[in-house]
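Structure first, commentary second.
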Amino acid sequence: MTGSGNNTYLIASTRGSAALIDAGVGDPRHLADLDAELRAREARLDHVLVTHGHRDHASGAPGLARAYPEAIFVKRPWSGEDAQYAVPWRTASDGDLLPAGDDELKVIHTPGHSPDHLAFWHEPSGTIFSGDLVVHGSSVMIHTSRGGNLSEYLRSLERLMMLEPKVLLPAHGPRVDAPRQLLTSYLEHRRMREQQVLDALHAGRATVQEIAESIYDGLDPALMPAAHENVRAHLEKLKAQGLVIDEADRWRL
């Protein structure tokens, strides 16, 4: 589900302060690499800025807190999720400015993939640390059963486009040097999926499984749970728009 793995980003100041974007999963190799980079730059880890509370982004926080007890851990609250990571979280809200090395990052609340999802915007360079909003060469799961919301996710993509970034640095996959092109393709992909869901309903398919199997024919079975989540995300969006009805988990136009 994480492709080639997780990206974390270390921003080190010439004055010794450093910030880490996302906490990783506590892998000892990650902690060792981070320590080596901090030592090479004679920097201290002052802030850990977490894009959202999914385990591949936040579960490394306790290990980092043990290694760097003076570090401040920052994220947007997610009730019922944050307590599993035993660190004292500091709240970040939309529009906040957070220190990162010699500069500041602006907090952008970008819900949809998760309710607490944040992106971090460095306006002078046109760079956005975009978390799980996009993955170059892949798509993003909207985990509806765990707080995901497709309508919010689409608005978050559109908000990023309005900022006209030059670079996206995502939490998975390579950097994105053509953000508008990728964001446009993501929006088009979701419109295409929505039409496929509507076509499946027109054809009489009524359950999430039936709709998913008609759309994702031939998909690796290990990925079908994610496909079910995406289908449900589209159905919930259509339901909110008054276009479909859910009757005991059977759906119809």
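In straight-distance terms, cross-link reach from Lys106 covers every one of the lysines whose alpha-carbon lies under 22 Å from its own, apart from those fewer than eight places away in the same chain; here that gives Lys75, Lys166. For the chain, the mean residue ellipticity at 222 nm estimated from helices alone is -11000 deg cm²/dmol, where every DSSP H run of n ≥ 4 contributes -39500 (n - 2.57) and the total is divided by all residues, rounded to the nearest 500. Projecting each Cα onto the charge dipole of the chain (Lys/Arg +1, Asp/Glu -1 at the beta carbon, about the Cα centre), which of Ile215, Leu253, Ser13 comes out farthest on the positive side? Toward the positive end, the furthest listed residue is Leu253. Comparing region 165-249 with the 2.2 N^0.38 Å rule of thumb, its C-alpha radius of gyration ratio is 1.28 (two decimals).
The Rg/Rh ratio of region 58-192, with Rg taken over Cα atoms and Rh as the Kirkwood radius over Cα pairs, comes to 0.97.
Could you look at region 191-253 and say what percent of its accessible area is carbon and sulfur, using a 1.4 Å probe and all protein chains? Percent of accessible area from carbon and sulfur atoms in region 191-253: 49.
Taking the Cα centre of region 1-48 as origin and assigning +1 to Lys and Arg Cβ atoms and -1 to Asp and Glu Cβ atoms, the resulting dipole is close to 140 debye. Accessible surface area normalised per residue over the chain is 48 Å², counting heavy atoms of protein chains with a 1.4 Å rolling probe. Counting only DSSP beta bridges whose two residues both lie in the chain, roughly 55 percent are antiparallel.
Please work out the FRET efficiency for the pair Glu164 and Ala67, using the Cβ-Cβ distance as r and a Förster radius of 41 Å; give the result to the nearest 0.05. Taking R0 as 41 Å, the efficiency between Glu164 and Ala67 is 0.60. Among 64-70, 97-103, sorting by the average number of other beta carbon atoms lying within 10 angstrom of each residue, highest first, gives 97-103, 64-70. Ranked by the mean number of other Cβ atoms within 10 Å of their residues, highest first, the peptides 180-192, 162-174 fall in the order 162-174, 180-192. To the nearest Å, what is the center-to-center distance of region 1-78 and region 191-249, using C-alpha atoms only? Using only Cα atoms to place each centre, the spacing works out to 37 Å. Going by the alpha-carbon gyration tensor, a ≥ b ≥ c the square roots of its eigenvalues, is region 9-135 rounded (a/c under 1.5) or, if a/c is not under 1.5, prolate (a/b greater than b/c) versus oblate? Verdict is oblate for region 9-135.
Going through [x] 17.5, 63; [y] 16.7, 47; [z] 19.4, 64, the figure that equals Rg and Dmax of the Cα atoms in Å as computed for the structure here is [z]. Site pair Glu247 and Arg180 shows an inter-label distance of 4.7 nm when each label is modelled 7 Å from Cα along Cα→Cβ.
The values are calculated or read from the model by the stated rules, or taken from the named source; none is laboratory data. Everything quoted here is computed from the prediction, not taken from an experiment. Positions of Cβ are generated from backbone atoms using ideal geometry, with glycine treated the same way; all protein chains shown enter the neighbour counts. Heads up: the accessible areas ignore ligands, DNA and RNA and are worked out on the full protein's heavy atoms, side chains in. Shrake-Rupley method; radii C 1.70, N 1.55, O 1.52, S 1.80 Å.
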